[in-house]
Amino acid sequence: MPANITAVAHFVPPDVFPNSYFESRLDTSDEWIRTRTGIKERRFLLEGATSDLIVPAAKECLEQRGLTPEDIDCVIVCTVTPDNMFPSTAATVQRKLGLTKAWGFDLSAACSGFLYGLMTGAALVESKQVRRVLVCGADKMSSILNPDDRSTFILFGDGAGVVLIEHSEDNNIGIKDSILKMDGKGGDFLYMKSGGSANPPSHETVDNKEHYAVQDGQTVFKSAVVGMADVSAEIMEKNNLTADDITWLVPHQANLRIIDATARRMGLSPDKVMINIDRYGNTTAGTIPICLSELWQQGKLKYGDGVILASFGAGYTWGSIYLRWGMK
Ligand code: UT7
């Protein structure tokens, strides 16, 4: 019996920051941001933490399935911006939602966090360790962005997407296959230098602004274009899929040019590619479940549709998941 997504929801904070907001603060322009990235605006959470992004979306998942908090067996929070170093944000979400029967943990795989979490959740359900898992992809990126760094501040946003995974009786739908990859050599190009055990926070690390995300954009870009396109082509080949078998490519939303290259490599027309980077920027682990939730809300996902999820991010981590949509 396959593991299947049976509910999906998202939450983005209400405060919108258009590109013009950055024009007045940094040496940048709306034109540069739009043409180099595809971003027009993003949302920042002004008060609260990553768990506050997750809770409304998780509640909506429970409502969609008519479940109570006690029905959830496990919660996985994929994030690089946990509420605290410890306890886990999963434990905080468990407390805030009253998931009294659930265990859970945080999972750190940056922009690929949701794909890693989805596979982990699916494996737990398929092996009958648990019946119902909430997989949350969420980041409050604004908490680790240097407002003086134009090469990162303009790229990211805050948001969360949550899915519920359960068994399906129908073997034709659900999570079919995954290819997940990692190359730790990429750690030099997208990272946060201090705040962990390697460089614990001190006055010096804060003065040097080492608690902010740093990215060598061009180097990451080159690896991302190849990595995301290759892994997506690989999962198609492995499952004997042609473009006709795929209704939607749901890619990580880091840069429109990376997304276009991936779609081209898969032979997909642009109308089969979910894009919302223009409205939310890069919400790291949030991008893919937010996309899925919006597609579902807009009535664009039908039972049995072939969907490929793809990501590339810090680590490096990257991967692709093939599923047949299983919500009616
Ligand atoms: O989600 C996690 C994984 N991350 C990614 O996949 C992101 C991958 N990288 C990218 O998406 C792109 O590399 C960026 C959008 C970050 C940058 O675009 P780019 O086309 O690679 O630009 P670049 O870094 O090569 O910089 C080109 C120029 C530079 O100026 P010079 O040296 O040519 O004079 C930058 O200093 O653009 C300058 N620049 C900016 N100009 C205006 C960099 N950031 C900005 C900015 N506004 N915000």
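The values are calculated or read from the model by the stated rules, or taken from the named source; none is laboratory data. Model, not experiment: these values are computed from the prediction. Cβ placement follows ideal geometry from the backbone for every residue including glycine, while neighbour counts extend to all protein chains displayed.
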Note: among 128, 140, just one is over 30 Å from residue 227 (Cβ atoms), in the same structural domain as residue 17 (by TED's automatic domain parsing) and not β-branched (Val, Ile, Thr), namely 128
Within segment 308-326, which residues are surrounded by fewer than 24 Cβ atoms within 10 Å (Cβ to Cβ) and more than 9 Å from the ligand (Cβ to nearest atom)?
315, 317, 322, 324, 325, 326
Only one of these conditions is not met by residue 98: (1) closer than 30 Å to residue 257 by Cα; (2) out of contact with any strand residue (DSSP E or B) (no Cβ under 9 Å at 6 or more places or on another chain). Which number is it?
(1)
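Name every residue in segment 132-154 that is under 24 Å from residue 120 (Cα atoms), of a type outside the set (Gly, Ala, Ser) and more than 12 Å from the ligand (Cβ to nearest atom), in order of residue number. It would help to see each step written out before you state the result.
Keep residues of segment 132-154 that are under 24 Å from residue 120 (Cα atoms), which gives 132-141.
Next, from what is left, pick out any that are of a type outside the set (Gly, Ala, Ser): 132-136, 139-141.
Listed by number, the residues that qualify are 132, 133, 134, 135, 136, 140.
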Subset of segment 263-288 [within 15 Å of residue 307 (Cβ to Cβ) and more than 11 Å from the ligand (Cβ to nearest atom)]
263, 266, 268, 271, 272, 273, 274, 275, 288
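Anything in segment 220-237 that is within 12 Å of the ligand (Cβ to nearest atom) and either in contact with a helix residue (DSSP H, G or I) (Cβ under 8 Å, 6 or more places away or on another chain) or not assigned by TED's automatic domain parsing to the domain that holds residue 317 (or both)? List them, or say none.
First, the residues of segment 220-237 that are within 12 Å of the ligand (Cβ to nearest atom): 220-228.
If the condition is that a residue be within 12 Å of the ligand (Cβ to nearest atom) and either in contact with a helix residue (DSSP H, G or I) (Cβ under 8 Å, 6 or more places away or on another chain) or not assigned by TED's automatic domain parsing to the domain that holds residue 317 (or both), then 220, 221, 223, 224, 225, 228 are the ones that fit.
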Scan of segment 260-281 for residues that are buried (at least 24 other Cβ atoms within 10 Å of the Cβ) and farther than 19 Å from residue 178 by Cα, ordered by number:
277, 280, 281
Within segment 81-89, is even one residue under 19 Å from the mean Cα position of the chain (by Cα) and within 16 Å of the ligand (Cβ to nearest atom)?
yes
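With the condition being out of contact with any Lys or Arg (no Cβ under 7 Å at 6 or more places or on another chain) and touching a residue at least 12 places away in the same chain (Cβ under 8 Å), I'd like the helices (runs of 4 or more DSSP H) fully within segment 134-246 carrying at least 3 qualifying residues. If you could, list the steps in order and put the result at the bottom.
Numbers: elements: 150-153, 203-207, 217-238.
Passing ranges, in order: 150-153, 217-238.
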Those residues that are surrounded by fewer than 11 Cβ atoms within 10 Å (Cβ to Cβ) and away from the ligand (no atom under 11 Å from the Cβ), I need them from segment 197-219; list them, please.
197, 198, 200, 203, 204, 207
Give just the number: which of (1) within 21 Å of the chain's Cα centre (by Cα); (2) in contact (Cβ under 8 Å) with a residue 60 or more places away in the chain does residue 106 not satisfy?
(2)
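Given the criterion part of a strand (DSSP E or B) and among the aromatic types (Phe, Trp, Tyr), identify the matching residue among 105, 114. I'd like the intermediate steps shown before the answer.
Numbers: 114 fails: part of a strand (DSSP E or B).
Going through 105, 114 in turn, just one is part of a strand (DSSP E or B) and among the aromatic types (Phe, Trp, Tyr): 105.
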Restricting the search to segment 19-72, which residues are more than 16 Å from the ligand (Cβ to nearest atom), surrounded by fewer than 16 Cβ atoms within 10 Å (Cβ to Cβ) and not in a helix (DSSP H, G or I)?
46, 47, 48, 66, 68
